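Reading through the C-alpha coordinates given below for one structure.
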Amino acid sequence: MIDYTTLKHQADGTPTWDAFLGIILKVAVERQNWQSSELIQRTLEEVNLPQSMLQMHYPQKSHDLVMRNRVSFALSDLAISGLLD
(Lines give C-alpha, C1' and ligand atoms only; values in the text may rest on other atoms or scores of the structure.)
Protein backbone atom coordinates (compact mmCIF):
# COMPACT_ATOMS: atom_id res chain seq x y z
CA MET A 1 0.00 0.00 0.00
CA ILE A 2 1.03 3.53 -0.72
CA ASP A 3 0.60 6.31 1.82
CA TYR A 4 -1.50 8.88 -0.02
CA THR A 5 0.07 11.71 2.01
CA THR A 6 3.37 11.10 0.19
CA LEU A 7 1.79 11.79 -3.20
CA LYS A 8 1.67 15.10 -5.02
CA HIS A 9 -1.44 16.80 -3.72
CA GLN A 10 -3.59 19.87 -3.97
CA ALA A 11 -4.00 22.50 -1.26
CA ASP A 12 -6.89 20.51 0.23
CA GLY A 13 -4.64 17.46 0.69
CA THR A 14 -6.19 15.34 -2.05
CA PRO A 15 -3.89 13.67 -4.58
CA THR A 16 -3.66 15.31 -7.99
CA TRP A 17 -4.55 13.32 -11.10
CA ASP A 18 -0.91 12.96 -12.13
CA ALA A 19 0.00 11.49 -8.74
CA PHE A 20 -1.81 8.35 -9.91
CA LEU A 21 0.25 7.78 -13.08
CA GLY A 22 2.97 5.61 -11.55
CA ILE A 23 0.53 3.84 -9.25
CA ILE A 24 -1.65 2.80 -12.19
CA LEU A 25 1.40 1.36 -13.95
CA LYS A 26 2.43 -0.46 -10.77
CA VAL A 27 -1.03 -1.98 -10.40
CA ALA A 28 -1.50 -2.72 -14.11
CA VAL A 29 1.31 -5.30 -14.14
CA GLU A 30 -0.60 -7.45 -11.65
CA ARG A 31 -2.45 -9.02 -14.56
CA GLN A 32 -2.58 -8.78 -18.33
CA ASN A 33 -6.16 -7.67 -18.97
CA TRP A 34 -8.23 -5.18 -17.00
CA GLN A 35 -11.59 -3.54 -17.33
CA SER A 36 -10.96 0.18 -16.75
CA SER A 37 -13.37 0.26 -13.81
CA GLU A 38 -11.49 -2.62 -12.14
CA LEU A 39 -8.13 -0.93 -12.67
CA ILE A 40 -9.46 2.33 -11.25
CA GLN A 41 -10.85 0.54 -8.18
CA ARG A 42 -7.64 -1.45 -7.62
CA THR A 43 -5.56 1.75 -7.94
CA LEU A 44 -7.68 3.47 -5.31
CA GLU A 45 -7.26 0.45 -3.03
CA GLU A 46 -3.47 0.59 -3.49
CA VAL A 47 -3.40 4.21 -2.33
CA ASN A 48 -5.56 3.47 0.70
CA LEU A 49 -7.36 6.79 0.73
CA PRO A 50 -9.59 7.66 3.67
CA GLN A 51 -13.33 7.15 3.13
CA SER A 52 -13.92 10.90 3.23
CA MET A 53 -11.75 11.35 0.12
CA LEU A 54 -13.24 8.35 -1.66
CA GLN A 55 -16.73 9.78 -1.16
CA MET A 56 -15.92 13.35 -2.27
CA HIS A 57 -18.09 14.63 -5.13
CA TYR A 58 -17.58 17.60 -7.39
CA PRO A 59 -19.97 20.35 -6.25
CA GLN A 60 -21.27 21.07 -9.74
CA LYS A 61 -21.65 17.38 -10.65
CA SER A 62 -22.95 15.55 -7.62
CA HIS A 63 -22.70 12.13 -9.30
CA ASP A 64 -18.95 12.40 -10.10
CA LEU A 65 -16.57 11.07 -7.46
CA VAL A 66 -13.41 13.20 -7.38
CA MET A 67 -10.82 10.46 -6.80
CA ARG A 68 -12.32 8.06 -9.38
CA ASN A 69 -12.34 10.94 -11.86
CA ARG A 70 -8.67 11.74 -11.19
CA VAL A 71 -7.60 8.11 -11.61
CA SER A 72 -9.67 7.90 -14.78
CA PHE A 73 -7.99 11.03 -16.15
CA ALA A 74 -4.55 9.55 -15.41
CA LEU A 75 -5.58 6.28 -17.04
CA SER A 76 -6.66 8.15 -20.17
CA ASP A 77 -3.34 9.99 -20.27
CA LEU A 78 -1.42 6.72 -20.05
CA ALA A 79 -3.50 5.25 -22.87
CA ILE A 80 -2.99 8.35 -25.07
CA SER A 81 0.76 8.18 -24.45
CA GLY A 82 0.80 4.51 -25.49
CA LEU A 83 1.93 3.18 -22.10
CA LEU A 84 -1.34 1.29 -21.62
CA ASP A 85 -3.75 0.00 -24.17
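Surface analysis of the chain yields an accessible area of 64 Å² per residue, using protein heavy atoms and a 1.4 Å probe. Think of each Lys and Arg Cβ as +1 and each Asp and Glu Cβ as -1; about the Cα centre, that makes the dipole of segment 2-85 roughly 80 debye. The value of relative contact order for the chain, using C-alpha pairs under 8 Å at least six residues apart, is 31 percent. Counting protein heavy atoms only, segment 4-85 has 51 percent of its accessible area on carbon and sulfur, 1.4 angstrom probe. Computed on protein heavy atoms with a 1.4 Å probe, the accessible areas place H9, H63 in the order H63, H9, largest first. Note on the chain: Cα Rg divided by 2.2 N^0.38 Å, N the number of residues, gives 1.04. When shorter helices are ignored and each DSSP H run of at least 4 residues is given -39500 (n - 2.57), the per-residue value for the chain at 222 nm works out to -13500 deg cm²/dmol. Local charge for S36 was computed over the other residues whose Cβ lies under 12 Å away, with Lys and Arg +1 and Asp and Glu -1, and equals 0. Taking trypsin sites (Lys or Arg not before Pro) across the chain, the ones in a DSSP loop with at most 15 further Cβ atoms lying within 10 angstrom of their Cβ are K8, R31.
The values are calculated or read from the model by the stated rules, or taken from the named source; none is laboratory data. These numbers come from a predicted model, not from an experiment. Glycine gets a Cβ as well: all are built from the backbone with ideal geometry, and neighbour counts include every protein chain shown. Just so you know, the surface numbers come from the protein's heavy atoms only, side chains and all, with ligands and any DNA or RNA stripped out. Shrake-Rupley method; radii C 1.70, N 1.55, O 1.52, S 1.80 Å.
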